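Heads up, the thing below is written out as structure tokens.
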Amino acid sequence: MTDAAFPSSAAPQHYLGGIALRLLAMASLSFMFVLVKYIAADGIHIVESLFWRQAMVLPMLVLWALTHGGLGIFRTRRIGTHARRAAMGLTGMALNFGGMIYLPMAEATTINLSVPIICVFLAAALLGERVGPARWSAVFVGFVGVLIVLNPTTLLTQGFAGDHGLGTLIALGGAGMTALITIQVRDLGRTESALTIVFWFSLISLVPLGLALPFVITPHGAAEWGLLIGLGLLGGVAQLSLTGALRLAPVSVVTPMDYSSLLWSIACGWWFFGTLPADTTWAGAPLIVASGLFIAWREQRRHIERPKEVAA
């Protein structure tokens with residue numbers, strides 16, 4: 001669910017402010033996904049939804065830059081890496097939108113919360129990070145939670161047939177792609193600011209979306225334009241809140257707030273669509289949340305202990 005990056009060492013640290021912005025981002029994303037479901041129900045193509053989601057973010061980023069030093073803050077020497085990140089990000093966003101369209105909000109959100117668990121696998125496989133028994137145990141618990149949410153009995157009898165099965169596959173693909181994006185952003189974050197990463201992602205992704213838009217766009221009434229504009233604005237608020245949170249507080253402090261999205265998705269699913277999570281979601285979600293929180297805590301401990309190891 002996220003374009004995560006690293007807080008600037010020069011930025012003043014304000015932990016409560018960072019936590020508040022991260023909570024705002026999670027609420028904004030949940031309401032954005034409500035609009036995604038309404039927009040899909042109105043027959044608007046997902047490509048158009050993605051276009052307006054990205055197009056609305058750019059003016060907000062430009063305005064931010066003009067009031068914080070000028071457009072030069074977006075200068076980069078890694079345009080090829082940004083292009084790969086944009087391709088991955090656009091694919092991940094499409095999959096996350098699709099998961100929300102086909103599944104109840106709480107179920108799609110719960111599957112997406114498995115991203116930190118998948119990241120442990122990818123960090124070990126792609127980055128060569130050492131993963132100890134404690135984190136592998138947390139990963140195992142998290143995957144048990146995912147399996148419970150997916151309901152093994154239904155999978156064995158029905159597989160991934162029907163809209164729900166398709167939605168489950170799409171949501172799993174979205175979680176996997178988001179984890180890959182997280183690894184990519186870790187690499188970009190070594191040399192690029194969070195705002196620069198978001199800017200180039202938004203700008204580059206508008207190229208393929210803009211080329212495809214004439215083939216899928218349809219006339220809209222005032223209500224539909226309101227939904228599309230709201231989608232872009234909420235996406236922009238979420239993006240800037242995520243960025244601001246990471247400037248005010250460390251990653252290990254703010255990322256546990258991501259699990260508040262499950263509460264928002266349950267509330268939004270019930271209020272707007274009259275749905276409540278299935279029994280399997282209630283059973284599996286606590287395992288996924290506990291696993292993710294433990295992984296975040298271990299990451300924090302590793303960052304605290306690493307300077308001691310260097311000093312020794």
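Tell me what the chain gives for mean residue ellipticity at 222 nm when only DSSP H runs of n ≥ 4 count, each as -39,500 (n - 2.57), the sum divided by the residue total, rounded to 500 deg cm²/dmol. Please report the intermediate quantities before stating the final value.
Numbers: 14 runs with 244 residues, N = 312.
Calculated mean residue ellipticity at 222 nm is -26500 deg cm²/dmol.
Using +1 on the beta carbon of Lys and Arg, -1 on that of Asp and Glu, and nothing else charged, what's the dipole of the range 15-311 about the Cα centre, debye to 20?
Magnitude of the dipole: close to 1080 debye.
Count charges around residue 273 for me, please; just the other residues with Cβ under 15 Å from its Cβ, Lys/Arg as +1, Asp/Glu as -1.
Here the charged neighbours net out to -2.
Tabulate in residue order the Karplus-calculated ³J(HN,Hα) for the range 181-196, using 6.51 cos²θ - 1.76 cosθ + 1.60 with θ = phi - 60°, rounded to whole Hz; enter x for Gly and Pro.
Going residue by residue, I get 5, 4, 5, 4, 5, 4, 5, 4, x, 5, 10, 10, 6, 4, 5, 5 Hz, with x marking Gly and Pro.
Can you give me the long-range amide H partners of residue 217? Hydrogens built in the peptide plane at 1.01 Å from N, cutoff under 5 Å, separation of 5 or more residues or another chain.
none
For the range 115-223, which chymotrypsin sites (Phe, Trp or Tyr not before Pro) are in a loop by DSSP, counting at most 15 other Cβ atoms within 10 Å?
Passing both the DSSP loop test and the Cβ count: 160.
What dipole magnitude, in Debye to the nearest 20, does the range 130-232 give about its Cα centre under +1 on Lys/Arg Cβ and -1 on Asp/Glu Cβ?
Charge dipole, the range 130-232, about its Cα centre: 440 debye, nearest 20.
Over the chain, what number does the Rg to Rh ratio reach, with both radii from the alpha-carbon atoms and Rh per Kirkwood?
0.96
Rounded, prolate or oblate for the range 164-239? Axes are the square roots of the Cα gyration tensor eigenvalues, ordered a ≥ b ≥ c, and the cut-off for rounded is a/c under 1.5.
Verdict is oblate for the range 164-239.
Taking +1 at the Cβ of each Lys and Arg and -1 at the Cβ of each Asp and Glu, which of 29, 227, 282 sits farthest along the dipole of the chain towards its positive end, judged by Cα position relative to the Cα centre?
Most positive-ward Cα: 29.
If you put +1 on each Lys and Arg Cβ and -1 on each Asp and Glu Cβ, how big is the dipole of the range 55-151 around its Cα centre, in Debye rounded to 20?
Dipole magnitude for the range 55-151 comes out near 480 debye.
Return 182, 281, 218 ranked ascending by Cβ neighbour count within 10 Å, so the fewest neighbours appear first. Let's see the in-between values first.
Values: 182 19, 281 23, 218 10.
Sorted ascending by nearby Cβ count, the order is 218, 182, 281.
Once the dipole of the chain is set up with Lys and Arg at +1 and Asp and Glu at -1 on Cβ about the Cα centre, which of 134, 58, 145 lies farthest towards its positive end?
134
What full-extension length gain, to one decimal in nm, is calculated for residue 212 and residue 297 as 0.36 nm per residue of separation minus the Cα-Cα distance?
Stretched out fully, the residue 212 to residue 297 stretch lengthens by 26.3 nm.
Which ³J(HN,Hα) values in Hz, rounded to whole numbers, follow from the phi angles of the range 49-65 under the Karplus curve 6.51 cos²θ - 1.76 cosθ + 1.60, where θ = phi - 60° and Gly and Pro get x?
Values, residue by residue: 4, 5, 4, 5, 4, 7, 5, 6, 6, 4, x, 5, 5, 5, 4, 4, 5 Hz.
Using the basic label-point model (7 angstrom from Cα toward the beta carbon), what is the residue 203 to residue 140 distance in nanometres?
Reported label-point gap for residue 203 and residue 140 is 4.8 nm.
Can you give the extra length, in nm with one decimal, that the chain gains between residue 190 and residue 270 once fully stretched, where that is 0.36 nm per residue apart less the Cα-Cα distance?
This chain segment gains 24.7 nm when fully extended.
Values in this text are rule-based calculations from the coordinates and carry no lab data. Since the model is a prediction, treat every value here as computed from it, not as a measurement. Note: ideal-geometry Cβ built from the backbone for every residue, glycine included; neighbour counts use all protein chains shown.
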